[in-house]
Amino acid sequence: MQEFRPENYLPDSNLWEEGKKTSAFKTPIFELVSVPKVSPDKTISGNFFKVESKDWVNVIALTSDENVILIDQYRHGMHSYCLEIPGGIAEKNSILESAQAELREETGFVSDDWEYLGKVSANPAFMNNWCHTYIARNVYPHPGGQDLDESEQIEVYQYPLNKIPEILEKNILHHAMVVAAFGLFFLKYGAKKK
């Protein structure tokens, strides 16, 4: 076993050789592709599958009195409602514009104070995209309210920021990208107790 040294870590060196990818299945939100690959030492080869998708965005939206804006919506994958933070596919000209649009459309709130918090890979074993998280501070209602897609039904809630760890522990907030977003937030700012 070797000692890990972050300063020497080069994740993009000595990569596997890739052949031409072919599409196996395409949907409006992702494409499943097959890619022939060979390991650097030539001992492993085969067709490997990956899901290609645009990047995603998440928004930790904070009111002036330190409440978090949460959304609740039905999720088809889990066949259940899921408490989350606003977010979605990054479809605008920039990641920030996408985050601003998701906050406005899903919650009816806007902000003039944005901070990029960081990104995480959704599942690098078979996915190629990143999920970016922004903090939107001092959010306030937009006169137009929500602007939902025709397939969305979203309830909007406020919840104290200092109580978020409790609902994370209870798996009330369980969406992996939401948990990761709050992980980034609390790593940077800590968990304030009141």
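The values are calculated or read from the model by the stated rules, or taken from the named source; none is laboratory data. The shown structure was predicted, so the numbers you read here are calculated from the model rather than taken from an experiment. Glycine also receives a Cβ, built like all others from the backbone with ideal geometry; neighbour counts cover every protein chain displayed. To get the accessible areas, we keep the full protein, side chains included, count just its heavy atoms, and leave off ligands, DNA and RNA. Shrake-Rupley method; radii C 1.70, N 1.55, O 1.52, S 1.80 Å.
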*Residues V68, V120: which one is over 22 Å from D12 (Cβ atoms) and open to solvent by less than 80 Å² (accessible area, probe 1.4 Å)?*
V68
*Just checking, which of Y116, Y140 is touching a residue at least 12 places away in the same chain (Cβ under 8 Å) and over 20 Å from the mean Cα position of the chain (by Cα)?*
Y140
_Scan segment 12-26 and tell me whether some residue there is outside any strand (DSSP E or B), touching a Leu at 6+ places or on another chain (Cβ under 6 Å) and not polar (S, T, N, Q)._
no
_Anything in segment 27-72 that is assigned to a loop (DSSP other than H, G, I, E, B), touching a residue at least 12 places away in the same chain (Cβ under 8 Å) and closer than 22 Å to A90 by Cβ? List them, or say none._
I29, F30, S53, K54, D55
*Across segment 115-141, what is the total count of residues that are within 17 Å of L161 (Cα to Cα), of a type outside the set (D, E, K, R) and assigned to a strand (DSSP E or B)?*
6
*asked:* Out of everything in segment 123-140 that is within 21 Å of A176 (Cα to Cα) and of a type in the set (S, T, N, Q), what residue ends up being surrounded by the fewest Cβ atoms within 10 Å (Cβ to Cβ)?
replied: N123
*Scan segment 145-173 for residues that are surrounded by 15 or more Cβ atoms within 10 Å (Cβ to Cβ) and in a loop (DSSP other than H, G, I, E, B) and jot them down.*
Q146, L173
*Can you name every residue in segment 71-99 that is open to solvent by 40 Å² or more (accessible area, probe 1.4 Å) and under 18 Å from N138 (Cα atoms)?*
L96, E97
*In segment 8-41, residue modelled with the lowest pLDDT [restricted to those that are among the aliphatic types (A, V, I, L, M) and open to solvent by 100 Å² or more (accessible area, probe 1.4 Å)]*: I29
